[in-house]
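Please treat every number below as a calculation from the coordinates, not as lab data. Fair warning: this is a prediction, and the values are worked out from it, not measured in the lab. Note that we place each Cβ from the backbone using ideal geometry, even for glycine, and neighbour counts take in every protein chain shown.
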Amino acid sequence: MKIVYVISEAYPFVKTGGLADVGGSFPKFVAKEGLKVIVCLPLYKTIDIKKYNIQKTDIEFYVELNQKKYKFQVYKYKDNVKYYFFKNDELFGREGIYGDENGYYKDNYLRFGAFSCAIIEFLKKTGFIPDIIHLNNWETSLISPIIKTRFKNIFINTKIVLTIHNLLYQGIFPKESGYELGFDKNLLTEDFLLHKGKFNFIKGGIIFSDAITTVSPTYMKEICTPEYGAGLDQIIKQNCHKLYGILNGIDYSIWNPEKDPFIYENYSYSQILKKEDNKKRLLEDIGLSNYTKPLITFVGKFKQEHGIDLLLDSIKHMSKFDANFLIFGIGEKKYNNLFSNIGKKYKNVYVKIGFNEEFSRKVYAGGDFLLRPSIVEPCGISQMIGMRYANIIIARKTGGLADTVKDLSESNGYGILFKSPQIKEFLFAVERALNLYKNKEKFQKLRKYVSTLNFSWEEPVAKYIRLYESLKFG
């Protein structure tokens, strides 16, 4: 079976968040099962082609949109999976991936619309007609309506799967952008590509794809409700017959404290006390004292959906707890400034603004508890990584967090969950963590246990392959 996997970022080439981890790992596990997989993504300016030995091919072509031609050159990288990179410097030769300090690029509809057309031209030019085209998020979802309306005679036996990693991001632009991308008035209606008068990438993907997946079973149910459906809950429900919830996984060859080259001291579940050495070294490096206190961490983007406002509103109260706190992330300028001030205000709170892969691993290896106070969390991989590195998770019970973290109050529970995104409930969850930490025997037993939980890709990939086969063979 031949699979084309289209995504806007993939680790280690380019990464702004968890999507890149999926793009860098999921295709490899699919290929291990004997399927032929190629991965397609833009060649951003930030991708170091020399470092990764990305080679230019002799494949090039033009995409014409709104009477303007965009030349694409194709580059490739070969591992056990072939990665193809699509180069157009006018569209992707910028310092940012999706935007800059002023916000998202206003022409993102054109950037990713042209990229979508380029994928189709590439497949036509090379004669690689896949069994499955697997799309990810709004940036690639336009491939579905383009193929199903303009090129259905070429891709007659090709089925399209769209994975929604976060429905909050839909690719919403003025109606006129649809005309620029070559869609006629018959499609630029509320029945197809428009939603509330705006051109909507993800809606087009939902309607025209053969299957839609979400990145956790709970999130699949949530997006069918007004609370989580981001205005598209009725569209989702109308297409629920092709909706599947499959939990993401992580690559344990990458996220492995036994072999991680970036942490202070390697350890396994049977050598869990070596984690204490990581904690001591981390606290020394960041200037926090008393390693006998619990270290409670946050690693991630400073976004409202990740519960950042809840964390900000609670930090004054948490600073009075007998614990150390480490907050590491980056986001909008206002959040960066607020957290920077917090780091200067409280002696037991350390804040680092930015993103650095090496430091994030040190935090996972040194932390005792990991905070995930998310308002919305389609899947989340931080909690999976955190548990792999023997952290106890403190999380709101939503989306993928509800599917991966089992509360201590339940039989065989191993985490701490709270339901309502309110300060009182959040602080109570943190207090439960502090009480757990005092029970050293139970705490050590639990951290050993969570480090052995299996959140690898094998089971999710098996489910995806069964989905691919059901689409292909009926």
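Each of 116, 470, 411 was scored by other Cβ atoms within 10 Å of its Cβ. Listed from fewest to most, they are 411, 470, 116. Once the Cβ-Cβ distance of residue 425 and residue 80 is raised to the sixth power relative to R0 = 45 Å, the FRET efficiency obtained is 0.50. Expressed as a fraction of 2.2 N^0.38 Å, the C-alpha radius of gyration for the chain is 1.00.
When +1 charges are put on Lys and Arg Cβ atoms and -1 charges on Asp and Glu Cβ atoms, the dipole computed for the stretch 269-450 relative to its Cα centre reaches about 360 debye. Among 214, 460, 201, whose Cα projects farthest towards the positive end of the dipole of the chain, with charges put on the beta-carbon of Lys, Arg (+1) and Asp, Glu (-1)? So the residue furthest toward the plus end is 460. Say the cut-off is 20 Å between C-alpha atoms; which of 259/362; 51/303; 274/440; 159/203; 148/203 go over it? Over 20 Å Cα-Cα: 51/303. The dipole here belongs to the chain: it is taken about the Cα centre, uses +1 on the Cβ of Lys and Arg and -1 on the Cβ of Asp and Glu, and is about 420 debye. Between amide H atoms placed 1.01 Å from N, distances below 5 Å from residue 407 occur with 414, 415, all of them 5 or more places distant or on a separate chain. Computed 3J(HN,Hα) for the stretch 86-99, one whole-Hz value per residue from the Karplus formula 6.51 cos²θ - 1.76 cosθ + 1.60 where θ = phi - 60°, is 10, 9, 8, 5, 4, 8, 10, x, 10, 5, x, 8, 10, x, glycine and proline marked x. Using only side-chain charges placed at the Cβ, +1 for Lys and Arg and -1 for Asp and Glu, the dipole size of the stretch 6-139 relative to its Cα centre rounds to 420 debye. Taken as Cα centroids, the stretch 199-245 and the stretch 270-294 sit 43 Å apart, rounded to the nearest whole angstrom. Among residues other than residue 194 with Cβ under 11 Å from its Cβ, the summed charge is +3 (Lys and Arg +1, Asp and Glu -1). Simple spin-label estimate for residue 234 and residue 358 gives 5.3 nm between the two label positions (7 Å along the Cα-to-Cβ direction from each Cα).
Taking each of 242/301; 124/237; 397/472; 2/152; 280/334 in turn, the alpha-carbon distance tops 29 angstrom for 242/301; 124/237; 397/472; 280/334. Which net charge results when you count Lys and Arg as +1 and Asp and Glu as -1 among the other residues whose beta-carbon is under 14 Å from that of residue 428? With Lys, Arg at +1 and Asp, Glu at -1, the neighbours total +2.
For the stretch 269-450, what does the alpha-carbon gyration tensor say about shape, rounded, prolate or oblate, given a ≥ b ≥ c as the root eigenvalues, a/c under 1.5 as rounded, and a/b over b/c as prolate? Rounded, because the longest to shortest axis ratio a/c is under 1.5. Among 271, 414, 402, whose Cα sits farthest toward the positive end of the charge dipole of the stretch 269-450 (+1 at Cβ of Lys/Arg, -1 at Cβ of Asp/Glu, about the Cα centre)? About the Cα centre, the residue reaching furthest to the positive side is 271. Rounded to the nearest Hz, the phi-derived 3J(HN,Hα) couplings of the stretch 372-388 under the Karplus curve 6.51 cos²θ - 1.76 cosθ + 1.60 (θ = phi - 60°) are 9, x, 5, 7, 10, 8, x, 9, x, 10, 4, 5, 5, 5, x, 5, 4, where x marks glycine and proline. For the pair residue 221 and residue 89, label points projected 7 Å from Cα toward Cβ lie 5.2 nm apart. Think of the chain as having a plus end and a minus end, set by charges on the Cβ of Lys, Arg, Asp and Glu; of 137, 160, 17, 17 sits farthest toward the positive end of this dipole.
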